[in-house]
Amino acid sequence: MFWAQKTLKGEVSCTGIGLHTGKKINLRIRPAPPDTGIVFRRVDLLHKPQIKAHIFNVIDDRLATTLGKDGVEVKTVEHLLAAFFGMGIDNVIVELDAPEVPIMDGSAGPFVYLLKMVGFKYQPVPKRLLILKKSLWLKENEKWIRIRPARDEGLTIKFTIDFDHPLLRKQSYTFHFSTKNFEKEVCRARTFGFLKDVEKLKAEGLIKGGSLDNAVVIDDFRVINREGVRYKNEFVRHKILDLLGDLTLLGYFPIARIDAYKAGHALNHKMAQKLWQEKHAWELMTLSAEIETSVKQKLRK
């Protein structure tokens with residue numbers, strides 16, 4: 001049933017802290033009808049306003065992805081969106097009683113656990129894939145993203161980070177998308193930051209809820225978290241996780257090869273906007289049961 005759209009079998013909820021607001025947040029994820037997409041609903045506000053997860057609803061990209069519409073916003077959506085992307089979820093309503101998604105442990109792992117706990121439901125409406133036909137390139141100073149047609153029926157991301165730090169230096173990782181690979185390789189990779197930047201960011205009103213429980217923190221020479229890292233190259237894997245979350249804002253699953261160098265949310269969003277606007281570079285394909293087997297096999301390689 002890879003060809004069919006997907007939602008949840010029932011509701012699931014959790015409570016956590018907002019990374020940037022520092023507020024306690026209650027989150028509930030509800031099933032939604034076909035073609036709803038991913039919609040955030042602020043239940044703490046009058047009339048419970050909604051914001052669809054779409055690239056043109058992005059209003060801020062400082063350290064996170066923030067969606068907004070008509071003066072209402074939802075911050076730090078990228079890890080939850082990545083969980084939806086990785087598990088193939090097309091249609092849900094995400095209810096929040098605060099202006100931010102809880103950070104949990106700084107990865108998508110806890111959200112994946114919640115989604116699997118409630119289970120998935122296929123819907124009698126076909127998925128649509130965004131098939132890249134022409135290459136697109138976006139560069140800002142030394143940072144760049146290139147997206148090009150895939151050599152097979154899948155999504156591949158090669159991401160490289162390069163920091164002037166003795167621990168990080170250059171890390172590169174190639175990720176071949178499948179749900180299995182997502183769970184195994186990237187969903188538990190946590191957000192990270194540098195100890196020297198903490199006071200500056202707090203002075204700017206950010207990371208009020210940040211702690212060693214929800215981020216990997218690096219001083220001048222080492223990781224200061226007692227448990228260390230979850231993967232040897234956890235930092236670049238988390239960048240791939242962020243990119244998957246931002247790709248969710250396209251509204252369609254992309255079949256493409258993506259190469260990124262030192263990119264972050266800002267460049268991710270600009271590339272997604274560029275891709276959406278340049279419709280000559282891609283086409284939509286509606287899946288059917290007849291072609292499900294070949295596509296599914298290639299995505300699981």
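Quick note: the coordinates plus some simple rules give every number you see, no bench work behind them. These numbers were taken from a predicted model, which means no experiment stands behind them. Here Cβ is always computed from backbone atoms with ideal geometry, including for glycine, and neighbour counts include all displayed protein chains.
Note on the stretch 95-206: percent of Cα-Cα distances in each 5 Å bin, starting at 0 and stopping at the bin with the largest distance, equals 2, 7, 10, 15, 18, 19, 15, 9, 4, 1, 0.
Measuring how big the chain is from its alpha-carbon positions, Rg and Dmax come out at 18.4, 56 Å.
Over the Cα atoms of the stretch 4-127, the radius of gyration divided by the Kirkwood radius equals 0.94; this is the Rg/Rh ratio.
Excluding same-chain neighbours fewer than eight residues apart, the lysines reachable from Lys270 by a Cα-Cα span under 23 Å are Lys52, Lys69, Lys75, Lys133, Lys134, Lys139, Lys143, Lys158, Lys239, Lys262, Lys279. Pair-distance distribution P(r) for the stretch 155-290, from all Cα-Cα distances in 10 Å bins starting at 0: 10, 36, 33, 15, 5, 1 percent. The helix-only estimate of mean residue ellipticity at 222 nm for the chain, built from DSSP H runs of length n ≥ 4 each weighted as -39500 (n - 2.57), is -6500 deg cm²/dmol after division by the residue total. Restriction of the trypsin sites (Lys or Arg not before Pro) in the stretch 1-109 to DSSP coil positions whose beta-carbon has at most 12 other beta-carbons within 10 angstrom yields Lys9.
Highest first, please rank the peptides 159-170, 96-107 by the mean number of other Cβ atoms sitting within 10 Å of their residues.
Descending packing order for the listed peptides: 96-107, 159-170.
Listing Trp144, Trp137 from fewest to most neighbouring C-beta atoms within 10 Å gives Trp137, Trp144.
Write down the Å³ per residue value for the convex hull defined by the alpha carbon atoms of the stretch 45-100. Can you show the working numbers first?
Numbers: hull volume 4.9 nm³, N = 56.
Per residue, the Cα convex hull of the stretch 45-100 comes to 87 Å³.
Antiparallel beta bridges, as assigned by DSSP with both residues in the chain, represent about 70 percent of the total such bridges.
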